[in-house]
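A.B. asks: Pasting a structure here, questions to come.
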Amino acid sequence: MSELKKVLLLGDSRRQGYEPYVREKLQGRAEVYGPADNGRWAGYTLNSLRFWLNEFPTPDVVHWNCGLWDLGDDYHIGRPFSTAEEYESAVERTVIVLRKIFPGVKIIFATIMPVGAEDTTGIRAYNDIIRKVAERNGIPVDDLFGLMWDKMVTYDRGDGLHLNVEGNNMAADQVVSAIEQYL
């Protein structure tokens, strides 16, 4: 019997929500792991790789899902936490770092899922950045935004941000589908 492929899930608290379901759905086919820490914004995840990667086996596949924190204006200064340029740079550097440390690793980017608010202009703009960086680097994109854009009201756990059990299951199904091609 061949050794199970190793899948690293990176991302914010939404990743933490669907991760157990991905692990369960890939049981017996892949070893799935991710940091206990919330990946927060793309730059935080990028910086934290040097700590997190020491905790895990070498991944065959990395599924990356960061961006919602980057869009937040948490200090009410009239701009996102990470400007579009900062976000693009962090996403691009993540690719460089992962490929440098793990030559041959398969990377999958996921788009940022919507929130309960109806205005998705910022999310769509940052998703365009994800797609642009992915295209430049030959990386597939798992469109979680497309999956959830009209379903957040139904699958929101009540905070306008995180998914309930059914929503996490639905997201996990799509994440598994994106990963399966590399198993």
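Readers should treat all values here as calculations from the given coordinates under stated rules, not as data from a laboratory. Note that the coordinates shown come from a computational prediction; the quantities given were computed from them, not determined experimentally. Every residue, glycine as well, gets a Cβ built from its backbone with ideal geometry; the counts of neighbours run over all protein chains shown.
A.B. asks: Take each of the peptides 68-81, 165-178, average the number of other beta-carbon atoms within 10 Å over its residues, and list them starting from the highest. Walk me through the numbers before you get to the answer.
C.D. replies: Working: 68-81: 13.9, 165-178: 18.6.
Packing proxy ranking, top to bottom: 165-178, 68-81.
A.B. asks: Under 10 Å from the Cβ of Ser177, count the other residues' Cβ atoms, weight Lys and Arg +1, Asp and Glu -1, and hand me the total.
C.D. replies: Values: positive: Lys25; negative: Asp142, Asp173, Glu180.
Taking every other residue near Ser177 into account, the sum is -2.
A.B. asks: With only alpha-carbon atoms in the gyration tensor, what are the semi-axes of the equivalent ellipsoid for the range 5-180, in Å, largest first? Working shown, then result.
C.D. replies: Details: eigenvalues 106, 82, 40 Å².
Ellipsoid semi-axes (Å, largest first): 23, 20, 14.
A.B. asks: DSSP loop (so not H, G, I, E, B), at most 16 other Cβ within 10 Å: list which GluC sites (Glu not before Pro) in the range 1-53 pass both filters.
C.D. replies: When the GluC sites (Glu not before Pro) of the range 1-53 are filtered for loop state and at most 16 Cβ neighbours within 10 Å, Glu3 remain.
A.B. asks: If you don't mind, another one. Give or take rounding to whole Å, what are the principal axis extents of the alpha carbon atoms in the range 29-80, in descending order?
C.D. replies: Principal extents (largest minus smallest coordinate, Cα): 45, 22, 15 Å.
A.B. asks: If I take every Cα pair under 8 Å that is 6 or more residues apart in the chain, average their sequence separation and divide by the length, what percent do I get for the relative contact order?
C.D. replies: Working: 287 pairs, mean separation 43.8, N = 183.
Across the chain, relative contact order equals 24 percent.
A.B. asks: Counting other Cβ atoms within 10 Å, keep those with at most 14, restrict to DSSP loop, and tell me which trypsin sites (Lys or Arg not before Pro) in the range 1-103 are left.
C.D. replies: Details: sites: Lys5, Lys6, Arg14, Arg15, Arg23, Lys25, Arg29, Arg40, Arg50, Arg93, Arg99, Lys100; in loops: Arg29, Arg40.
Hits after loop and neighbour filter: Arg29.
A.B. asks: What GluC sites (Glu not before Pro) in the range 46-146 are in a loop by DSSP, with at most 11 other Cβ atoms within 10 Å of the Cβ? Write out the running numbers ahead of the final one.
C.D. replies: On the way: sites: Glu55, Glu85, Glu86, Glu88, Glu92, Glu118, Glu135; in loops: Glu118.
Here the GluC sites (Glu not before Pro) that fit, given the DSSP loop and packing criteria, are Glu118.
A.B. asks: Can you compute the helix-only [θ] at 222 nm over the chain? Use -39500 (n - 2.57) per DSSP H run of at least 4 residues, normalise by all residues, nearest 500 deg cm²/dmol.
C.D. replies: On the way: 8 runs with 88 residues, N = 183.
Mean residue ellipticity, 222 nm, calculated: -14500 deg cm²/dmol.
A.B. asks: Would you list Ile108, Ile130 from fewest to most Cβ contacts within 10 Å?
C.D. replies: Details: Ile108 21, Ile130 26.
The order, fewest Cβ neighbours first, is Ile108, Ile130.
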